[in-house]
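Q: Handing you a structure now.
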Amino acid sequence: MGATVRMVARVKSRRSTANRGAPSPSIELPAEALLGQRRVIIEGVRPCVDGGAFPAKRTLGDEMAVTADVFADGHDCLRARVQWRLDGVLEWDEGPMVALGNDRWQGMVPLLELGRYRFRVVAWIDPFRTWRRDMEKKIAAGVAEPIDFAVGAAMVRAALSRADGDRAPILKRAVAGLEAQGPSVGRRTVLDDELAAVMAGLDERLFASTSEPELEVVVDPVRARFSSWYECFPRSCAAAAGRHGTFADLEARLPYIAGMGFDVLYLPPIHPIGRKHRKGPNNSPTSAPGDHGSPWAIGAAEGGHTAVHPELGDLDAFRSLVAAARAKGIELALDIALQVAPDHPWVAEHPEWFRQRPDGTVQYAENPPKKYQDIYPFDFECAAWRELWAELRAVFEFWVAEGVTIFRVDNPHTKCFAFWQWCIGALKQQHPELIFLSEAFTRPKLMYRLAKLGFTQSYTYFPWRNHKTEIVEYFTEISRLELREFFRPNHWPNTPDILTAFLQTGGVRAFEIRLVLAATLGASYGVYGPAFELAEGRAVREGSEEYLDSEKYQLRHWDLDAKDSLRRLIARVNRIRRENPALQSDLGLRFHDTTADELICYSKSAADGNTAVLVVVNLDPHHRQSGHVELQLDAIGIDHEEQFQVHDLLSGARYLWRGARNYVELDPESTTAHVFVVRRRLRSEQDFDYFL
């Protein structure tokens, strides 16, 4: 150790000797002349996704809080403004930022148009405010001198050259007051708030600093934040069993769907279905004459991704469906699956878009050990990738022209990330109203990357989170601040691909439980129906999540009037969601302890803090569960030991609770959940009775 130290010392000595007597190296000043005079530092601007590489996300009408660390050397007063502009607009709008403490500042950006905004923070030293602050202290201490007033007078006099209208007389009076012999006149001028406001408006912002890089936020429609989705197969909507459904049949079913309170109707692919290697019922690798195949095996002699299956109708019928749905407050969502059937026209027209195997055949889709011989994936690494990208983007553009504003994208994580960033970015630049739902049941980092690249919403792992600890851990994870800036979850209890073991074994009550959880834990959720409201829980085999007689491969006829249908409960839950702002955002979720492992309790608060919804769910579909909930009273706006009312919006029942610990009992035979709105007790019994 000692030898090492001596060696280092000798090296330093040689360097010192070599430079002895040499002229000091010249210091190269920054090219920008004023850089050295910019004393204000701006750091930690939020929201910011990956250092500004990707935009944050908000919805139309939001006020976005922009925060930043703003500070400078010394003790001068600072001012800061947040600036924003919509892409394509040259001029910046701006608003004030206020100091929150500890050098953190905040300003609000009103997001009044759809599209992509840029925003930044600008800050500078405010000499007049600094002088005024110091003068107030000097006056209070009785140490203000004439020269101190003269300094202020000089600043006001300089501002006069920039003043016009009603401001000039105010400044002239101020100069006179500051130069007056009487100290009382000068003091009044120093403390004049009108003068302070005028001087702030005339501030030259000398040596202002601007945050870098400019950050972005994408403003989406409100449905991007809050939406209730219903998926169904048009081909199974016929009034009579055994007949292939049409767009007209689905249009006739719209009152049923609207009656349950859904505002997005999602259709699996509606295109011609390939005949080559067509799948039979229950995913049989062979089909018989009359079998209908999988809608995700897209393309046949009748056309590809811009054609409709002839048994569903034609484009006129589709346009009628879109218009009829919109008239009922429902937007149509279309499934876009970027894959083809072997007899899709593109296979013959563009063989270069597909991966060829050594025997000359095209590589079909696989997820070993599963094989999908009826589907060919695209080769995004092919030499003709530019032409492929352009054609795939044109598919979206075609359906946008037909009135579709929402797309559910099948397995986007198996396609090129760069393609999605380019395609979605280009589409939303022209059509900022578009919404893209990512169906990527994959690793978390892949799901999050797709959200950063432009997908508006994402499916989640919710179907497989059934125990209390799993639910709490997962929703705590996806509620993290950094994720909330770009990742919008859409929770589905079931899909045509997912029939979980919980739904298979729990009966109707299991579907009730998952409905309430999905609809109240998240602002956006969806169900695959009519399988969901009719509690379809039959799996093709034990251990499988595939439905028996799945609609993916055959027609189904559903008894929509079944007496045990959950349609009325769904309608009630969706009405509760519409009437309670606390349930229309993924913000404000807080879990509360319970003394029973099968009882889960959580609350959500509205952005204004005035309303809280408290949910208690029995996670056991078979047995009565009881216990105490241990509330975090601050989360629901209740003081310690305050008596308050909880009003169950599902049953209509009302209970008086006091303090943090309260008893709950839920029997699946009668109800599986409480969805309470919390009402504070007012000053008198008469006031309280108002709520009863």
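Q: For the stretch 257-382, compute the number of Lys pairs whose alpha carbons are separated by less than 22 Å, excluding pairs fewer than 8 positions apart on the same chain.
A: Within the stretch 257-382, the lysine pair count is 4.
Q: For the stretch 68-179, what is the accessible area per residue in Å², given a 1.4 Å probe and the full set of protein chains?
A: With the other protein chains kept in place, the stretch 68-179 gives 52 Å² per residue.
Q: How much of the accessible area of the stretch 91-210, probe 1.4 Å, is carbon plus sulfur, in whole percent?
A: 53 percent
Q: What is the distance, in nm, between label points placed 7 Å from the Cα along the Cα-to-Cβ direction at residue 501 and at residue 252?
A: Each label point is offset 7 Å from its Cα along the Cβ direction, giving 4.2 nm.
Q: Let me ask something additional. Go through 413, 380, 364 and say which Cα lies farthest out towards the positive end of the charge dipole of the stretch 347-422; charges sit on Cβ, +1 for Lys and Arg, -1 for Asp and Glu.
A: 413
Q: I'd like the carbon and sulfur percentage of the solvent accessible area for the stretch 503-570, probe radius 1.4 Å, heavy atoms only, ligands and nucleic acids excluded.
A: That share works out to 43 percent.
Q: Would you mind checking the pairs 57/415; 57/445; 445/604; 415/552 and listing those with alpha carbons more than 25 angstrom apart?
A: Listed pairs above 25 Å: 445/604.
Q: Run down the lysines and flag those whose C-alpha is under 26 Å from the C-alpha of residue 138, throwing out any fewer than 8 positions away in its chain.
A: List returned: 172.
Q: Listed highest first by mean packing, meaning other Cβ atoms within 10 Å per residue, what order do 343-352, 374-383 come in?
A: The peptides rank, most packed first, as 374-383, 343-352.
Q: Out of the total accessible area of the stretch 292-397 (probe 1.4 Å, heavy atoms of protein only), what percent is carbon and sulfur?
A: 52 percent
Q: Anything in the chain that counts as a DSSP H helix reaching 15 Å or more along its axis (C-alpha) with Kyte-Doolittle mean of at least 0.5? List them, would you?
A: Span-like helices in the chain: 146-160, 315-327, 501-521.
Q: Taking the Cα centre of the chain as the origin and placing charges on Cβ (Lys, Arg +1; Asp, Glu -1), which of 146, 117, 135 is farthest toward the positive end of the dipole?
A: With unit charges placed on the Cβ atoms, the residue in question is 146.
Q: Another question about this same structure. If we count every other residue with Cβ under 13 angstrom of residue 600's Cβ, Lys/Arg +1 and Asp/Glu -1, where does the sum land?
A: Summing Lys/Arg as +1 and Asp/Glu as -1 gives -3.
Q: Taking only DSSP H segments of four or more residues, each worth -39500 (n - 2.57), what value at 222 nm results for the chain once the sum is divided by all its residues, to the nearest 500 deg cm²/dmol?
A: So the calculated ellipticity at 222 nm is -9000 deg cm²/dmol.
Q: Let me ask something additional. Using the charge dipole of the stretch 249-304 (Lys, Arg: +1 at Cβ; Asp, Glu: -1 at Cβ; taken about the Cα centre), state which of 283, 259, 296 has its Cα farthest towards the positive end.
A: Positive-end residue among those listed: 283.
Q: So between residue 93 and residue 575, what do we pick up on full extension, going 0.36 nm a residue minus the alpha carbon distance?
A: The residue 93-residue 575 span can extend by a further 169.7 nm.
Q: What whole number of Å gives the distance from the Cα centroid of the stretch 227-272 to the Cα centroid of the stretch 539-582?
A: 13 Å
Q: If you put +1 on each Lys and Arg Cβ and -1 on each Asp and Glu Cβ, how big is the dipole of the chain around its Cα centre, in Debye rounded to 20?
A: Result for the chain is approximately 1840 debye, rounded to the nearest 20.
Q: While we're on this one: Quick check: Cα centre of the stretch 364-393 to Cα centre of the stretch 459-524, how many Å?
A: About 31 Å separates the Cα centre of the stretch 364-393 from the one of the stretch 459-524.
Q: May I ask you to give the solvent-accessible area per residue for the stretch 458-574, in square angstrom, as obtained with a 1.4 angstrom probe?
A: Accessible surface, normalised per residue, equals 35 Å².
Q: Shifting gears a bit: How many Å² of accessible area per residue for the stretch 345-446, probe 1.4 Å?
A: Result: 49 Å² per residue.
The values are calculated or read from the model by the stated rules, or taken from the named source; none is laboratory data. None of the values given here were measured: they were computed from a predicted structure. For neighbour counting, all protein chains shown are included, and Cβ atoms are generated from backbone atoms with ideal geometry for every residue, glycine included. Remember, those area values only see protein heavy atoms, side chains included, never the ligands or the DNA or RNA. Shrake-Rupley method; radii C 1.70, N 1.55, O 1.52, S 1.80 Å.
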